[in-house]
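Working notes for the structure below.
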Amino acid sequence: MKTAIIILAAGMSSRMGKTKQLLPYKHTTLLGWTVEQVINISNTEVICVTGANQQEVEESISEQDLTFVYNAQYKEGLSSSIRAGINYITSKNFEKVLIILADQPFVTKNYLKDIISKSNDYPDKIIASNYGKRIGVPALFPQKYYQHLITISGDKGAKELLNKFSDTIFKMPEVNLIDIDTQEEYKQYAL
């Protein structure tokens with residue numbers, strides 16, 4: 001069974017002051033880099049959830065083999081994008097979903113493949129990234145959690161759900177996967 005990979009790229013980038021997904025990174029953009037990391041992982045389908053600046057964001061990666069899902073409620077925050085992505089994949093029979101952000105340049109293809117591999121070893125567990133004192137995305141959820149993912153709200157994304165089901169989570173080895181939210185972080189980590 002295929003794994004759905006949902007890239008969350010709908011945000012308004014309010015703390016950044018400009019469209020964060022389209023900021024230059026290496027030979028592409030932050031979003032372009034994220035797409036490059038996932039696009040050729042075998043047995044997956046990539047879904048990119050867009051919202052704010054939809055046209056520019058979609059055009060920037062339109063040559064890639066992925067599906068766009070527009071989140072009309074993007075102003076409600078990250079959880080609305082997760083709901084939009086999950087609503088799209090529920091009828092498609094994916095046995096698991098890997099949720100990633102468009103603004104984590106240190107996330108690599110190999111790291112994501114490791115998460116998917118762990119999910120094969122522990123098919124009933126959520127596989128989450130380990131940030132030391134907290135867990136987060138990228139995170140992979142088996143199909144039985146879809147019903148919970150479509151009920152989350154606010155701008156906290158999957159955090160509440162990860163905390164609620166902490167006893168059923170496999171934590172990946174600790175990593176430092178910065179997400180870029182401000183000009184300062186962009187200058188420090190991405191330039």
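Can you give me the Cα centroid spacing of region 55-77 and region 121-191 in angstrom?
21 Å
Tabulate in residue order the Karplus-calculated ³J(HN,Hα) for region 141-157, using 6.51 cos²θ - 1.76 cosθ + 1.60 with θ = phi - 60°, rounded to whole Hz; enter x for Gly and Pro.
10, x, 3, 5, 9, 4, 4, 7, 5, 7, 10, 6, 9, x, 9, 8, x
What dipole magnitude, in Debye to the nearest 20, does region 31-87 give about its Cα centre under +1 on Lys/Arg Cβ and -1 on Asp/Glu Cβ?
On the way: 2 positive and 8 negative charges, 66 e Å.
The calculated dipole for region 31-87 is roughly 320 debye.
From the phi of every residue in region 98-111, what ³J(HN,Hα) in whole Hz does the Karplus formula 6.51 cos²θ - 1.76 cosθ + 1.60 yield, where θ is phi - 60° and glycine or proline is x?
9, 9, 9, 9, 7, 10, 10, x, 8, 6, 10, 4, 5, 4
Select from 139, 180, 123 the residue farthest towards the positive end of the dipole of the chain; place +1 on Cβ of Lys and Arg, -1 on Cβ of Asp and Glu, and compute about the Cα centre.
123
Read through the labelled values (i) 134; (ii) 110; (iii) 102 and report the label of the one computed as volume of the Cα convex hull per residue in Å³ from the structure.
(ii)
Under a crude label model (7 Å from the Cα following the beta-carbon direction), how far is residue 188 from residue 15 in nanometres?
Distance between the two pseudo-spin positions: 1.1 nm.
Using unit Cβ charges (K, R positive; D, E negative) and no other charged atoms, how large, in debye to the nearest 20, is the dipole of region 128-176 about its Cα centre? Working shown, then result.
Working: 7 positive and 4 negative charges, 11 e Å.
Dipole about the Cα centre, nearest 20: 60 debye.
Ignoring the sites themselves, what is the longest stretch of the chain with no trypsin sites (Lys or Arg not before Pro) in a DSSP loop and at most 11 other beta-carbon atoms within 10 Å?
27-132
Run the dipole for the chain about the Cα centre, Lys and Arg Cβ at +1, Asp and Glu Cβ at -1, nothing else charged, and hand back the magnitude in debye, nearest 20. Intermediate values should be presented prior to the final figure.
Working: 21 positive and 21 negative charges, 94 e Å.
Here the size comes out at about 440 debye.
Could you look at region 102-148 and say what percent of its accessible area is carbon and sulfur, using a 1.4 Å probe and all protein chains?
Carbon and sulfur: 45 percent of the exposed surface of region 102-148.
The values are calculated or read from the model by the stated rules, or taken from the named source; none is laboratory data. Just so it is clear, the model here is predicted, and its values are computed rather than measured. Heads up, the Cβs are rebuilt from the backbone with ideal geometry, glycines too, and the neighbour counts pull from every protein chain shown. Note: accessible area is taken over every heavy atom of the protein model, side chains too, but ligands, DNA and RNA are not part of it. Shrake-Rupley method; radii C 1.70, N 1.55, O 1.52, S 1.80 Å.
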